[in-house]
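A quick write-up on the structure given underneath.
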Amino acid sequence: MIRVNVMSIVGYGRVSSTGQSLDVQIEKLTDYGCNKLFTEKKSGTTVEQRTQFKNCLNYLREGDTLVVTRLDRLCRSINDLTSISERLKTNGITLVVIEQSIDTSTSTGRLLFNMLGCISEFENEIRRERQMDGIRKSLEGGVKFGRKSKLTDEQVEQLKLDKQEGIPIKTLQSTYGISRDSVYRLVR
């Protein structure tokens, strides 16, 4: 698409999982006056992991305004925030964050933008620490993560014996109803 040098108000919306809805973000971005929208249902901590965000950044031109509903829709770390902020600033693009009343075309908006970025990263780190604490406690309590094994301990022992007797992998797969990789992993 070839663009004429007319300032655009470009919206970007993202939800982390396919079960979530973008409807509220799209409505807020449209109400704000966005004439172009980029949306995706993707969890991603970096720009490289978010295809539509990369497309959005490539679409933006000097004088354009990028609009998001919340800062956490834009980035997940202070490094990512700094990188995105620098790119927007270098290219003469204004950022507006609707729910946090941030507009980087003003000095107050730039200050608030940087402060909220630091707070967001801090919250993410605390959430990650709590998650790791919960996982550690669960493991200590004997909780096993992952899918339940298809085979009992006795079946695994028999599988190992069958393999030692020279029964082909394909036969073992069929007999025990497991994949080739599972056979190799279990006989190790």
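Residue-level analysis places Leu88 outside the set of residues that are more than 22 Å from Gln52 (Cα to Cα) and not polar (S, T, N, Q). Among the criteria (1) modelled with pLDDT of 85 or more; (2) loosely packed, with under 12 Cβ neighbours inside 10 Å; (3) among the β-branched types (Val, Ile, Thr), the one Thr39 does not fulfil is (2). Could you tell me which of the residues Thr18, Thr45 is outside any helix (DSSP H, G or I), modelled with pLDDT under 95, among the polar types (S, T, N, Q) and touching a strand residue (DSSP E or B) at 6+ places or on another chain (Cβ under 6 Å)? Exactly one of Thr18, Thr45 is outside any helix (DSSP H, G or I), modelled with pLDDT under 95, among the polar types (S, T, N, Q) and touching a strand residue (DSSP E or B) at 6+ places or on another chain (Cβ under 6 Å), namely Thr18. Number of residues in the stretch 95-139 that are of a type in the set (A, V, I, L, M, F, W, C) and more than 30 Å from Val10 (Cβ to Cβ) equals 4. Residue by residue through the stretch 107-157, note down the ones that are open to solvent by less than 60 Å² (accessible area, probe 1.4 Å), in a helix (DSSP H, G or I) and among the small types (Gly, Ala, Ser). Scanning the stretch 107-157 gives Gly109, Gly117, Ser120, Gly134, Ser138.
Within the option set Lys170, Lys160, being in contact with a helix residue (DSSP H, G or I) (Cβ under 7 Å, 6 or more places away or on another chain), of a type in the set (D, E, K, R) and part of a helix (DSSP H, G or I) holds for one residue only, Lys160. The residues of the stretch 57-76 that are open to solvent by 10 Å² or more (accessible area, probe 1.4 Å) and in a helix (DSSP H, G or I), listed by number, are Leu57, Asn58, Tyr59, Asp72, Arg73. All of (1) open to solvent by 90 Å² or more (accessible area, probe 1.4 Å); (2) at positive phi hold for Gly177 with one exception: (1). Of the listed requirements (1) under 20 Å from Cys118 (Cα atoms); (2) open to solvent by less than 30 Å² (accessible area, probe 1.4 Å), Asn79 misses just one: (2).
The values are calculated or read from the model by the stated rules, or taken from the named source; none is laboratory data. Nothing here was measured: the structure is a model prediction, and the numbers come from that model. Because the Cβ atoms are built from the backbone with ideal geometry, glycine has one as well, and the counts that use them run over all protein chains shown. SASA here: full protein model, heavy atoms, side chains in, ligands and nucleic acids out. Shrake-Rupley method; radii C 1.70, N 1.55, O 1.52, S 1.80 Å.
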